[in-house]
Amino acid sequence: MNIRILFILGLLFFSALQSCQSDAKNKVEEKEITVKVPRFERDSAFKYVAQQVAFGPRIPNTPAHIACQNYLSSSLKSFGADVIEQKFTAKSFDGKILNGNNIIGKFNPAAQRRILLSAHWDTRPFTDSPITVGDKNRPVLGADDGASGVGVLLEIARQLQLNPVDFGVDLVFFDLEDYGDSNGGASESWCLGSQYFSRNLIYPANAKPDYGILLDMVGASGARFAKEEISVQFAGNVVEKVWTLGQAMGYGNYFVNDQVGAITDDHYFLNTLAQIPTIDIINRPIDTQTGFVAHWHTPEDTLDKIDRNTLRAVGQLLLAVIYREHAGTL
Ligand SMILES: [Zn+2]
């Protein structure tokens, strides 16, 4: 039995379970059974992570940063997206003028109903985690912190090209997320790209996405995605439907029911500045010194930390969200 058949059976089982629960919902369940969700290819997503990592650290104002932005932009174009490069400059907390570029791939740009899926593509210039041993001024390679989320979204772009759907999806790769002040600095020192995006929206009035989903550090083995406070506060209904679907698909070991405290991440500015309700899917393991996975902001955030199964859990869930939203069954 191949994986595709297993997946379809899983979908049927999920639908059957639901139809047992309520006869009144029968009409919806009949529709649900016809929703075809493409299979997310974990090896393909992994390859997109590896290709980013191969550029080296994607630090603003470096040749690797420019090379990676060209790769991301041309990849999105090759998958059939309408690409917007939102170039800007921003001042870092340590006084540098940084050249940023939010890379946006729009599918079905004219569709009324749309969602926004995002991740940051830059990497942190400093390995300044409290647990880093040795020089903290080395850059982070960012296999997990950056490349993992973008890799998942590139595979989603490829699937959207292979399985066209009449539903708007905007993939947004934020720049300059990770150049913030970790030494007691303001929240606004982080997420410079999403702040710029939120203040300079590409959408005409009344045509914003219904909601957004941010991915950050979605590649580690055994990742634990708990319900984060800002996500719950601004987009609680989105958290609930995404987590419920993830658990029904068998990913309950990743999408746990625990709540965790607020994280300053790109979703904060999408919620507060752009007023796009946005959730953050971010790895928050328990019993770690930093509250994040051990390789976070250390020299150990390397490709060997990426687990294809975690990429698939997140990517398959997002594909189910897209195709079920389109079918009206989410
Ligand atoms: Zn980071």
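Each value in this text was obtained by applying a stated rule to the coordinates, not by laboratory testing. All values derive from a computational prediction rather than experimental measurement. A quick note on method: Cβ atoms are made from the backbone with ideal geometry, for glycine too, and the neighbour counts reach across all protein chains shown.
Taking every pair of alpha-carbon atoms in region 80-230, give the share separated by more than 24 Å as a whole percent. Each step should come with its number before you reach the end.
On the way: 4254 of 11325 pairs.
Tail fraction, whole percent: 38.
May I ask which residue of Ile276, Ser148, Ala327 lies farthest towards the positive end of the charge dipole of the chain, with charges of +1 (Lys, Arg) and -1 (Asp, Glu) on Cβ and the Cα centre as origin?
The one lying farthest along the dipole's positive direction is Ala327.
Would you work out which of Leu76, Phe40, Ile66 lies farthest towards the positive end of the dipole of region 35-86? Charges go on Cβ: Lys and Arg +1, Asp and Glu -1.
Value computed over the given set: Phe40.
Of Lys91/Lys136; Lys106/Lys305; Lys227/Lys305; Lys136/Lys305; Lys96/Lys136, which sit over 25 Å apart, Cα to Cα? Write out the running numbers ahead of the final one.
Values: Lys91/Lys136 22 Å; Lys106/Lys305 30 Å; Lys227/Lys305 23 Å; Lys136/Lys305 20 Å; Lys96/Lys136 19 Å.
Checking Cα-Cα distances, Lys106/Lys305 exceed 25 Å.
Within 10 Å of each residue's Cβ, count the other Cβ atoms and sort Phe126, Phe40 from fewest upward. Kindly include the intermediate steps, with their values, before the conclusion.
Numbers: Phe126 19, Phe40 23.
The order, fewest Cβ neighbours first, is Phe126, Phe40.
Is region 157-206 rounded, prolate or oblate when judged by the Cα gyration tensor, a ≥ b ≥ c being the square roots of its eigenvalues, rounded requiring a/c under 1.5 and prolate requiring a/b larger than b/c? Show your work: numbers first, answer last.
Values: a/c = 4.89, a/b = 2.01, b/c = 2.43.
Taking the square roots of the gyration eigenvalues as a ≥ b ≥ c, region 157-206 is oblate.
Between Gln233 and Arg113, what is the label-point separation in nm under the 7 Å Cα-to-beta-carbon projection?
According to this spin-label approximation, the distance is 3.0 nm.
Measure nothing but the geometry: give the 0 to 90° angle between the long axis through the Cα atoms of 3-21 and the longest principal axis through the Cα atoms of the chain, rounded to 10°.
For 3-21 against the chain, the angle is about 60 degrees.
Among Asn163, Asn257, Asn102, pick out the residue whose Cα is farthest towards the positive end of the charge dipole of the chain, where Lys and Arg carry +1 and Asp and Glu carry -1 on C-beta, about the Cα centre.
Asn163
Based solely on its DSSP helices, what 222 nm [θ] is calculated for the chain when runs of n ≥ 4 H residues each add -39,500 (n - 2.57) and the sum is averaged over all residues, nearest 500 deg cm²/dmol? Provide the component values of the computation, followed by the final result.
On the way: 9 runs with 123 residues, N = 330.
So the helix-based figure for the chain works out to -12000 deg cm²/dmol.
Using alpha carbons only, how many angstrom separate the centre of region 54-127 from the centre of region 230-255?
27
Which of Arg58, Arg124, Arg113 moves the most in a Gaussian network model of the chain with Cα springs under 10 Å?
For the chain, modelled as a Gaussian network with Cα springs under 10 Å, the answer is Arg113.
On a full-extension model of 0.36 nm per residue, what is the gain between Thr89 and Asn257, subtracting their alpha-carbon distance, rounded to one decimal in nm? Before the final figure, lay out the partial values.
Numbers: separation 168, 0.36 × 168 = 60.48 nm, distance 3.92 nm.
So the chain would gain 56.6 nm between Thr89 and Asn257.
Which of Asp210, Asp170 comes first, and how do the rest follow, when ranked by fewest Cβ neighbours within 10 Å? Let's see the in-between values first.
Working: Asp210 14, Asp170 23.
So the ranking, lowest neighbour count to highest, is Asp210, Asp170.
Kindly work out what percent of the DSSP beta bridges joining two residues of region 38-327 are antiparallel, to the nearest 5. The partial results should precede the final answer.
Details: 17 of 37 bridges.
Counting DSSP beta bridges with both partners in region 38-327, the antiparallel share is about 45 percent.
Over region 38-327, what is the relative contact order in percent, taking alpha-carbon pairs closer than 8 angstrom and at least six residues apart? Write down the numbers at each step before the final one.
Working: 624 pairs, mean separation 69.9, N = 290.
About 24 percent, as a whole number.
Which value, in debye to the nearest 20, describes the size of the charge dipole of the chain about its Cα centre when Lys and Arg Cβ atoms bear +1, Asp and Glu Cβ atoms bear -1, and nothing else is charged?
Values: 30 positive and 37 negative charges, 178 e Å.
With only Lys, Arg, Asp and Glu charged at Cβ, the dipole is about 860 debye.
Is the chain rounded, prolate or oblate when judged by the Cα gyration tensor, a ≥ b ≥ c being the square roots of its eigenvalues, rounded requiring a/c under 1.5 and prolate requiring a/b larger than b/c? Each step should come with its number before you reach the end.
Values: a/c = 1.66, a/b = 1.47, b/c = 1.13.
It comes out prolate by the Cα gyration axes.
Place a +1 charge on the Cβ of each Lys and Arg in region 63-153 and a -1 charge on the Cβ of each Asp and Glu, then give the dipole magnitude about the Cα centre in debye, rounded to the nearest 20.
Numbers: 10 positive and 8 negative charges, 63 e Å.
I would put it at about 300 debye.
Helix 229-248 versus the longest principal axis of the chain: what angle, 0 to 90°, nearest 10, using Cα atoms?
Long axis of 229-248 versus the principal axis of the chain: about 50 degrees.
Looking at the square roots a ≥ b ≥ c of the eigenvalues of the Cα gyration tensor of region 256-330, which shape do they give, rounded for a/c under 1.5, prolate if a/b is larger than b/c, or oblate?
Details: a/c = 2.10, a/b = 1.34, b/c = 1.57.
Taking the square roots of the gyration eigenvalues as a ≥ b ≥ c, region 256-330 is oblate.
Enter the angle in degrees (range 0 to 90, nearest 10) between the Cα long axis of helix 149-162 and the first principal axis of the Cα atoms of the chain, meaning the one along which they spread out most.
40
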